[in-house]
Amino acid sequence: MKMEKKKYNLPGGYSLFQTTVKSFEFLNNPIKFISNSMEVFSGTYSASLGIRRKLILTQNPDFINYILKDNHRNYNKSELSTERAVQFFGRGLLFSNGHYWLRQRRLIQPAFHREKLYSLYEIMIRAMDDFLLELPVSGIVDL
């Protein structure tokens, strides 16, 4: 008995033709384009980068948690983010996959323990309080 592979339904977004047409708009102002697309598609959308290459962009915290934490083993970062970004930012946790990624993640994990984060929180609150004490209360403030 042959098992059928379950087909994933992509979120709404841009077809290959639409992606091609909108590519100039994206290249001209990527942040504005992505922000507008997030608004149009309610925070998650897809784009076709070729016949078999799809891209999903999201700002949905549940979706992000599922991919980065709950089911990270089933997701690899794209060549676009790993190979090209590494040239500018270096190979680290954000731009790696597989065993190297897991090793990097385990190395930094102790820094994200709840108690360590809480101590950083208190340091940030003190720094903001000190800054606010020096901030003039009237006149023009150059931030």
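The values are calculated or read from the model by the stated rules, or taken from the named source; none is laboratory data. In this text the structure is predicted, and so the values were computed from the model without any measurement. Cβ: placed from backbone, ideal geometry, glycine included. Neighbour counts: every protein chain shown.
Scanning the range 124-143 for residues that are β-branched (V, I, T) and either loosely packed, with under 10 Cβ neighbours inside 10 Å or in contact with a Lys or Arg (Cβ under 6 Å, 6 or more places away or on another chain) (or both), which turns out farthest from P110 (Cα to Cα)?
The extreme case among them is I140.
Could you check the range 23-39 and list, in sequence order, the residues that are out of contact with any helix residue (DSSP H, G or I) (no Cβ under 7 Å at 6 or more places or on another chain) and surrounded by 11 or more Cβ atoms within 10 Å (Cβ to Cβ)?
Of everything in the range 23-39, those that are out of contact with any helix residue (DSSP H, G or I) (no Cβ under 7 Å at 6 or more places or on another chain) and surrounded by 11 or more Cβ atoms within 10 Å (Cβ to Cβ) turn out to be S23, N29, K32, I34, S35, N36, S37, M38.
Being loosely packed, with under 13 Cβ neighbours inside 10 Å and closer than 13 Å to N97 by Cα is the filter here, so list the residues in the range 57-75 that pass it.
Matches in the range 57-75: L68, R73, N74, Y75.
From the list F33, F17, which one is touching an Asp or Glu at 6+ places or on another chain (Cβ under 7 Å) and either modelled with pLDDT of 95 or more or not hydroxyl-bearing (S, T, Y) (or both)?
Residue meeting the stated conditions: F33.
Please state which of the following conditions F89 fails to meet, knowing it meets all the rest: (1) touching a Phe, Trp or Tyr at 6+ places or on another chain (Cβ under 7 Å); (2) assigned by TED's automatic domain parsing to the domain that holds N36.
F89 satisfies all of (1) touching a Phe, Trp or Tyr at 6+ places or on another chain (Cβ under 7 Å); (2) assigned by TED's automatic domain parsing to the domain that holds N36 except (2).
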